[in-house]
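Enquirer: I'd like to ask you about the structure that follows.
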Amino acid sequence: MAIIVALALASLISSMFVSESLDGDAAQINLAGSLRMQSIRLSRALTAEQNDLEILNATSGTDEIREFERRLSILLSHGLIANGENKRIIEIHKVLEQQWLAIKSQVNTNPAIFKNNYILIDNFVDTIDRLVSVLQSESERKIRILRMIQGSALFLTLLTAFIALYRINRSIVQPMNNLVAAAKEASKGNFNVRVSDTSNDEIGLLGTTFNEMSKRLQIIHNHLEEKVLEKTTKLEKSNKSLELLYQTSHNLVRANSRRDFENLLGQVEQTIGNGQVILCLDQKVENTHHRIPISQHDLPKNCDQVHCNGCRISNRFRHSFSITKQDKNYGSLQYFSNKENPEQWVQNLLQAIADNIAVAISLDQKRAQENLLLLMEERAVIARELHDSLAQSLSFLKLQTSLLSRQLDKNLERRTIEITIDDLKDGLNNAYRQLRELLTTFRLQIEEPSLESALKGTVAEFSTKCGYEVELDYSITNQTLTSNQQIHVLQIVREALSNVQRHAQASQAWVRLFIQDGKVHVEVIDNGVGIPNEMPEGTHYGLSIMNERAASLSANIDIRKVQPQGTKVEMTLEPQTNTIEGIR
C-alpha cells in the first residue's frame, strides 16, 4: 500500500511538473505563426506606396515594424524563459534576433534597396518556421514524457498490486485456510493434524500456537482414552462380577446340589479368565470330618490331597477363602493361580462367592431345623386337637358304654336303657363330626395365590351351603400376616361360618378383615338368632377350637351376641411381615 501510494504521488507530482512546463507552449507556437503573417504584412507595408496603403486601409511600415518588434520581443523573452535549457531554441532565438536586426538596419538605412530585396524577409520567415517546428517538437516531447510517466506509474501500480495480492494469498490466505482446515479436523477429534506455516509473523505465531495446542490436546486425549479404556475394563469386570454374584445368590438360595456348585465354579473360572477354582466342603462321616472337593476337574476324594503338583492343577500358587457364617466354618474356596498376588477384584469376587455359599449352606441348615420344628409343632397340634376333642368324646362314650353295661346287668327299665343308648348315639355322632373337622383342619392348605383368594373360595362355598349370600370385605395386604397366621385365620373363619350354617338360622352373613389402631381385625357377623347365654352340652367343641387357635397366635377372640339380633365373632392380632432371611 505504501508503494502504491508513493507511485501515485510520484506520478501526480511528475504530471504536475510536466504540465507546468507545457504551460505557454501553445501560445508561443501561435505567436511564432503570427510572426510569419506579420512578416508578410511588414514586407507589403514597406514595398507599397502611400496611396495604395490608404486605399487598402492598411497600416504603415513604421507601425508594422513596431508591432513586429513587440511580438518578437514577447516570443524571444518567453521562449528563452520557457526553454532556457534547450540549446537549439536558444540558437534559433539568436539567429532570429540577428536577422531582425539586419532587416531593421537595412530598412532604416536604405529603404529603396529593401523594396527590391526579399531575401532577408524569406530567410527571416524560414527561421520563424524552424522555431515553430522546434517549439512544436519540444511540446510533443514533453507530452510523450508525461505519457511515459503516467504509463510507467500505472504499470508499476498494477505490478505492485499483483505482487501484493500474491504475497497476501501466500502469506495470509493460504495459511489461514490451512489453519481453518486444521481447526475443523481438530473439532472432529483429529489432533494429529499440524499447520505447516510456522514463520515469524502473526500467522506463523498462530500456526505454532495451534500445533502446540494440538500436541497437548493429543496427549490429553490419548491419556483420557487410556483412562476410559481402563475404566471400561473395570466396569466390564464389575458387571461380570455382579452378574455372577446375582446368579450365585439366585441359584444357591433355591437348592444345594453338587451339580449346581460345579456349574457355579465353572462360571467363576470363566469370569476370572485364568486359574482353577475348587470348593472344599466339610462333611461328617462316622464322627470324622472330611473335606470333599467339588470342581469341574478330576480331583481326589479329599481336599487334603489337592496340591499344586498333581490333580491336573498346573498353577503354582494356592489362595484359600474361608466359607464361614456366624463363626461356623463350612469349608473353603481354593483358587489356584500362576500369580502370587491375584488382583483385588478377583479376591473380592471369590470372597463374596464364598460368603454366598456360606449363607446358602446356613439357610439350608436353618430350613431343615425349621421344617423339623414345624413338623414337631404340627404333631403337637394334632395331639392336642385329638386330646381336646376326639379323646374326650371317646372317654364319654367309654363311660356311657360302662353305664349301659351296668344297666343291662341290673335289668333296669327299658326307658332308662334307651336314654343311655341315645346318649351313646349322640356321642358317636359328635365324635364322628369332630373327626371330620379334625381331618378338614389337618388337610387345610392355602393352595390359592393369597389369603384373599382362599377366603373368597370359602365364602363362595358357605354361600352355597347356607342358601344365602355371605359377603367378604378384605381390606388388608397379603404381606400383613405370616403363612402360619393365614392358615389359622382361614380355619377360624371356616369354623365360624360352619356355626352360622348349623345354628344361626340367619339370612345374611359378613366376613371382614381390616386394620385398626395398628392391629388386624377379623370379624364374622350374622343376623341370626344369636348365641345363647348357656351353651348346650356337646355344642362347644368348635368354640373351643377357635379359642385354642387364637391363643396359639397370641390373639384375642370375642364371641358375643349383637343387637337387635345375630352373633359376632371378632379376633384381633398383631400384624407380622412374612419375611424369609435372605443372603446378605
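The values are calculated or read from the model by the stated rules, or taken from the named source; none is laboratory data. In this text, all values refer to a predicted model and were calculated from it rather than measured experimentally. All Cβ positions, glycine included, derive from the backbone under ideal geometry; neighbour counts span all protein chains shown. Quick note on the areas: whole protein, heavy atoms, side chains included, nothing else; ligands and nucleic acids left out. Shrake-Rupley method; radii C 1.70, N 1.55, O 1.52, S 1.80 Å.
Enquirer: What accessible area per residue comes out for region 145-244, rounded to a whole number of Å², with a 1.4 Å probe?
Expert: Averaged over the residues of region 145-244, the accessible area is 75 Å².
Enquirer: Between Glu378 and Arg414, with labels modelled 7 Å along Cα→Cβ, what's the label distance in nm to one decimal, could you check?
Expert: Between Glu378 and Arg414, the simple spin-label model gives 5.2 nm.
Enquirer: Same structure again: Taking all protein chains in place and a 1.4 Å probe, what share, in percent, of the accessible surface of region 478-527 do carbon and sulfur account for?
Expert: Within region 478-527, the accessible surface is 44 percent carbon and sulfur.
Enquirer: While we're here: Excluding ligands and nucleic acids, what accessible area in Å² is computed for Tyr246 using a 1.4 Å probe, to the nearest 10?
Expert: 150 Å²
Enquirer: At R0 = 22 Å, how high is the FRET efficiency between Arg367 and His250 if r is their beta carbon distance? Nearest 0.05 is fine.
Expert: Using R0 = 22 Å, I get an efficiency of 0.85.
Enquirer: Further question on the same structure: Taking a probe of 1.4 angstrom, what is the accessible area of Leu428 in Å², to the nearest 10?
Expert: 100 Å²
Enquirer: While we're looking at this one, here's another question. For Arg512 and Glu243, compute 0.36 nm times the residue count separating them, minus their Cα-Cα distance, and round to one decimal in nm.
Expert: Extra length from Arg512 to Glu243 when fully extended: 92.3 nm.
Enquirer: Keeping all protein chains in the complex and leaving out DNA, RNA and ligands, what accessible area do you get for Phe396 with a 1.4 Å probe, in Å² to the nearest 10?
Expert: That residue has around 80 Å² of solvent-accessible surface.
Enquirer: Can you tell me the FRET efficiency between Asp282 and Arg318 if r is taken as the Cβ-Cβ distance and R0 is 22 Å, rounded to the nearest 0.05? Show your work: numbers first, answer last.
Expert: Working: r = 18 Å, r/R0 = 0.83.
After rounding to 0.05, the efficiency reads 0.75.
Enquirer: Could I ask something else about it? So, in nm, how far is label Glu185 from label Asn556 when the simple model puts each one 7 Å beyond its Cα toward the Cβ?
Expert: 8.8 nm
Enquirer: Among Asn211, His250, Leu229, pick out the residue whose Cα is farthest towards the positive end of the charge dipole of region 171-251, where Lys and Arg carry +1 and Asp and Glu carry -1 on C-beta, about the Cα centre.
Expert: Positive-most Cα among the choices belongs to His250.
Enquirer: Which order do Glu185, Glu269 take when ranked by solvent-accessible area (1.4 Å probe, heavy atoms of all protein chains), largest first?
Expert: Final ranking, largest accessible area leading: Glu185, Glu269.
Enquirer: Can you tell me which of 124-133, 219-228 comes out highest on packing, and rank the rest after it, using the mean Cβ neighbours within 10 Å?
Expert: 124-133, 219-228
Enquirer: Counting other Cβ atoms within 10 Å, which trypsin sites (Lys or Arg not before Pro) in region 407-438 have at most 11 and lie in a DSSP loop?
Expert: Of the trypsin sites (Lys or Arg not before Pro), the ones in loops of region 407-438 whose Cβ has at most 11 other Cβ atoms within 10 Å are Lys410.
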